[in-house]
Amino acid sequence: MGKLRSDAERSMRAIMAAAEDVLSASPVATMEQIAEAAGVARATIHRRFASREALIEAMEVAAWREILEAVLAARPHTAPPLVTLHQATANILQIKPCWRFTLARPVPLSQEAQAVQAEVMGLCEAVLGKLLGPGADIAWARQVYLALLGEAAHGTPPASGPASGPESSPASGRDPDALATRVIDTLMHGVQRTA
């Protein structure tokens, strides 16, 4: 039973990974195109997912659970807030590029994914609240942080500076710790830094 379950789980992950690639390239791709990319029969996908929307919902739940696990691994309840924010940022920067299509939706389709997303956002606001202190506009800080995080994960590398050049593009594996430092420095100090 355990081997069957792990085989089914691997199959589902392979389908979701193929769907992510296909849907990133063409958001209107069909289940048939996804099946072809996954190297499985269309019937196999339909056995696992009742519809295209069900597949996308499963992808959203998986992506948001990965992000939640990444945030929890940064120990938001026990570590100093700056340490938590840096580690969570570095962790998330390793996940976001793998779920570019799925995480681009402003509101997930399923209630389950929305609940996990809300938990992540609550942890984010709690850490930012500890870091920025009373009187800070936490909702605004969260929005700015998320924008910086998205730019770091998917944006074009800057034209100059220590993190420039083709080797530093997100697709070629920029250093998540260096990117996390840049995101947090920009959040805390703006774009101008004194040397």
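Between Ile95 and Glu69, what is the spin-label point distance in nm, taking each point 7 Å from the Cα along the Cα→C-beta axis?
For Ile95 paired with Glu69, the spin-label model returns 0.9 nm.
Between Arg100, Arg48, Arg65, which gets the highest mean-square fluctuation from a Gaussian network model of the chain, Cα cutoff 10 Å?
Highest fluctuation of the listed residues: Arg48.
Only Cα pairs within less than 10 Å get springs; with that Gaussian network setup on the chain, which residue of Gln94, Gln117, Gln33 has the largest fluctuation?
Maximum fluctuation in the GNM of the chain, among the listed residues, is at Gln33.
What is the percent of Cα-Cα separations in the chain that go past 20 Å?
60 percent
Hey, if you put +1 on the Cβ of every Lys and Arg and -1 on every Asp and Glu Cβ in the chain, which of Val120, Cys98, Ala62 ends up farthest toward the positive end of that dipole?
The residue sitting farthest along the positive end of the dipole is Ala62.
Which FRET efficiency value, to the nearest 0.05, is calculated for Ala79 and Ala14 with the Förster distance at 30 angstrom and r the Cβ-Cβ distance?
Efficiency, rounded to the nearest 0.05: 0.30.
Placing +1 at every Lys and Arg Cβ and -1 at every Asp and Glu Cβ, with all other atoms neutral, what dipole size does the chain have around its Cα centre, in debye to the nearest 20?
Dipole of the chain, to the nearest 20 debye: 240 debye.
Return the whole-Å distance between the Cα centroid of segment 133-150 and the Cα centroid of segment 26-84.
Result: 26 Å between the Cα centres.
Every number in this text was worked out from the coordinates using simple rules, so none of it is lab data. As the structure is a prediction and not an experimental result, all values here were calculated from the model. Don't worry about glycine lacking a Cβ; one is built from the backbone with ideal geometry, like all the others, and counts go over all protein chains shown.
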